[in-house]
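Okay, so here's the structure we're looking at.
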Amino acid sequence: RVGWRLGSQGREVLISPGVRRVAGLVRALEKSRRDPREVLDATREAGLGALHMAARIGSVPVCRYLVEEIGVDVDADGTESVTPLLCAMFGGSLDTIRYLLDHGANPDKVVSDGFIPLHHAAGMGDREMVELLLTKGASVDSVSASGTPLHIAAFRGQDEAMKVLLENNADHNKILPGIDTPLISAITASSVKCVKLLVEAGADVNDGLVPPLAAAADKGLTACLKCLLEAGADPNVPDPSGRLPIELAALNGTREDVEILFPVTSCIPTVHDWSIDGIIRHAKSVSMKQGDYSNLRRIEELKSLGVKSVKRNDYSTAATMYSMAMEHDPHDATLFSNRSLCWLRMGDGHKALQDALACREMRPGWPKACYRQGAALMLLKDYGGARDAFLDAAKLDPQSSEIKAALREAMSSLEISHGATKTT
């Protein structure tokens with residue numbers, strides 16, 4: 001708008017408290033005959049615009065002027081997709097946050113790595129900020145690289161923010177690859193308050209990639225240990241390394257935890273002196289020299305975790321569990337078969353084929369090994385090779401309807417691909 005001049009609202013901005021950082025921008029707008037948005041674009045600082053800076057210092061008058069008179073986008077992206085709303089949150093001004101939300105700011109706008117404003121508010125532990133975002137429609141279970149807002153609140157021990165999230169039906173049993181459950185996050189943070197809140201909300205005290213009771217024992221969190229046991233946690237479930245909570249407590253030298261766990265833990269066959277002192281001595285000796293029994297138990301536990309992850313369609317974690325088990329037993333064909341399935345579901349045909357071939361080499365007479373090879377070749381669009389692999393599987397197990405169906409699909413795909421080749 002050529003000939004544009006600063007209005008009365010803009011002049012009031014100049015005398016608003018705490019706006020020295022943006023006063024120069026407003027003066028530039030007053031003097032310029034250019035479109036005000038062009039002036040604002042030319043005066044960005046460190047990738048942030050005037051609205052970002054005004055929001056950061058919590059000046060509602062400046063924000064109002066820029067949004068309502070100049071028409072600045074309330075969701076304008078700055079450096080690393082930082083929005084004015086996020087700047088207002090970092091500034092801690094609820095009034096500014098409320099103004100931006102009331103004027104169209106998207107409470108679910110992704111900043112980076114899947115983070116939305118609610119993740120940041122949960123991590124900051126600001127109860128009022130979390131409440132405000134939720135009332136404006138923020139997604140309570142949005143997943144970021146660090147988990148849901150509840151995961152983040154738990155990991156940082158922000159019990160006040162956690163209360164609000166749980167009151168708004170946040171999923172307290174959400175399991176994510178590499179992050180686990182909010183309960184495990186709370187234990188990692190050594191936050192007894194957060195653990196109690198999650199247990200009271202109904203969190204599963206026996207679920208997770210790592211059993212919560214084992215995690216608490218490993219960190220020597222006596223209060224958490226008691227809370228979990230009272231809520232029904234099973235003391236006879238080992239961690240991924242095959243160690244029971246009582247063994248972990250003994251390894252840490254937390255005698256009180258060993259005493260708490262002793263009456264509720266089943267006898268361990270390899271512990272000849274089943275007493276509190278005997279368990280502590282045994283744990284220390286095992287930590288110095290891992291026995292075959294311990295190694296076998298770890299493999300079985302890793303397999304179990306892999307199966308649980310597959311049932312949740314978490315193939316990345318399942319593949320990791322099977323890979324860890326292979327480090328202890330590199331000659332188990334079922335591990336290669338199971339991991340091949342994981343690669344297949346994740347769309348990696350080459351890795352799926354590599355594991356399937358290794359599986360066939362170990363057990364050449366196993367129908368499933370042939371089937372895994374055929375499935376991998378189908379994904380790679382090698383329909384001829386897939387047909388041959390499924391034929392081998394059918395010879396070994398002629399009654400399998402699954403193999404028959406796969407063979408028909410491979411032959412049909414091969415016929416279609418040959419037809420397409422002739423046409424071209």
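The values are calculated or read from the model by the stated rules, or taken from the named source; none is laboratory data. As the structure is a computational prediction, the values presented were derived from the model and not from experiment. So basically every Cβ, Gly included, is an ideal-geometry build from the backbone, and we count neighbours across all protein chains shown.
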When residues of the range 335-366 are limited to those that are in a loop (DSSP other than H, G, I, E, B) and in contact with a helix residue (DSSP H, G or I) (Cβ under 6 Å, 6 or more places away or on another chain), the one nearest to Thr317 (Cα to Cα):
Met346
Go through the range 86-111 and report how many residues are touching a residue at least 40 places away in the same chain (Cβ under 8 Å) and within 17 Å of Gly125 (Cβ to Cβ).
1
Given the conditions (1) under 16 Å from Ala55 (Cβ atoms); (2) of a type outside the set (A, V, I, L, M, F, W, C); (3) buried (at least 18 other Cβ atoms within 10 Å of the Cβ), which single one is not true for His119?
(1)
Would you check if there is a residue in the range 319-332 being hydroxyl-bearing (Ser, Thr, Tyr) and either in the same structural domain as Lys174 (by TED's automatic domain parsing) or buried (at least 21 other Cβ atoms within 10 Å of the Cβ) (or both)?
yes
Of the conditions (1) in a helix (DSSP H, G or I); (2) surrounded by fewer than 23 Cβ atoms within 10 Å (Cβ to Cβ); (3) at pLDDT below 95, Lys163 satisfies every one except a single condition; which number is it?
(3)
Members of the range 138-160 found to be more than 14 Å from Met124 (Cβ to Cβ), part of a loop (DSSP other than H, G, I, E, B) and polar (S, T, N, Q), listed by number
Ser139, Ser142, Thr148
Residues of the range 62-85 being part of a loop (DSSP other than H, G, I, E, B) and farther than 16 Å from Asp102 by Cα, in sequence order, are Asp77, Gly78, Val82
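Listed here are the residues, each with its yes/no results for (1) over 18 Å from Thr265 (Cα atoms); (2) surrounded by fewer than 20 Cβ atoms within 10 Å (Cβ to Cβ); (3) touching a Phe, Trp or Tyr at 6+ places or on another chain (Cβ under 8 Å).
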residue	(1), (2), (3)
Thr181	yes, no, no
Ile184	yes, no, no
Ala201	yes, yes, no
Asn206	no, yes, no
Asp218	no, no, no
Filtering the range 228-256 for residues that are surrounded by 21 or more Cβ atoms within 10 Å (Cβ to Cβ) and closer than 22 Å to Leu197 by Cβ leaves a count of 3
